[in-house]
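A.B. asks: Here it is, the structure in full.
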Amino acid sequence: MNIPNLISLLRIILVPIVVILLIQGLFFKALVIFIIAALSDALDGFLARFMHQQTVLGAYLDPIADKALLASSFITLSVLHIIPGWLTVIVISRDFIILLGISVLSMVSIPVEIRPTFVSKVTTVLQLITVLLALSLRHLPGGFNEIWPLVLDWVTALFTIVSGLHYMAKGMALINRHATK
């Protein structure tokens, strides 16, 4: 087990802590732990490349850690009426469709390389910023312009949908390529 993979495991361990803090209404503490988890996402990727420690395990652990953190945060914040439910449905649906697609490809013995695309990286960053802003707004003084969270919600939704469609197109291309062999 290398350092980048341990950092990904740490991010997975932080997920229930974030959810518990959110449920208890301890938003500042949840924000701090969420920031640590979000920064660990960048750190594990950097270290894996810098230290030449990219592994198959890491290729699975990193997106699992991302999905666990983001899905749990979106669901919890949605239940608490802090993030719109419609956005949470879009975020979770995209991840479910991607997992379903990978499962189908595996069942029909089509090899799948787990590599994030540019649009999926942008989507992840937007989803992280959406949660960060939602938590940060719990601590800003009144008078904050409410238009920015709404704009960010719609931009995040748009990129999440585009990313999901992009992965679906890639999956269909794999199926078509495999069918012509």
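Derivation of every value follows stated rules applied to the coordinates shown; laboratory data play no part. Source: prediction; values computed, not measured. All Cβ positions, glycine included, derive from the backbone under ideal geometry; neighbour counts span all protein chains shown.
A.B. asks: Among the aspartates and glutamates, which have Cα under 19 Å from the Cα of Lys29 when same-chain residues fewer than 8 positions away are ignored?
C.D. replies: Candidates past the 8-residue exclusion: Asp41.
A.B. asks: Continuing with the same structure: Kirkwood hydrodynamic radius for the chain: how many Å is it when counted over pairs of different Cα atoms? Can you show the working numbers first?
C.D. replies: Details: mean 1/r = 0.0575 Å⁻¹.
Final number for the Kirkwood radius of the chain is 17.4 Å.
A.B. asks: May I pose another question? Taking the highest mean first, how do the peptides 46-59, 101-114, 65-78 order by number of other beta carbon atoms within 10 angstrom per residue? Working shown, then result.
C.D. replies: Numbers: 46-59: 13.6, 101-114: 11.7, 65-78: 21.6.
Output ranking for 46-59, 101-114, 65-78: 65-78, 46-59, 101-114.
A.B. asks: Can you pull the one-decimal nm distance between simple spin-label points at Glu146 and Ile36, each 7 Å off the Cα toward Cβ?
C.D. replies: In this crude label model, Glu146 to Ile36 measures out at 3.4 nm.
A.B. asks: Using a simple charge model, +1 on the beta-carbon of Lys and Arg, -1 on the beta-carbon of Asp and Glu, nothing else, what dipole does the chain show about its Cα centre, in debye to the nearest 20?
C.D. replies: Values: 11 positive and 8 negative charges, 66 e Å.
The dipole of the chain has a size of about 320 debye.
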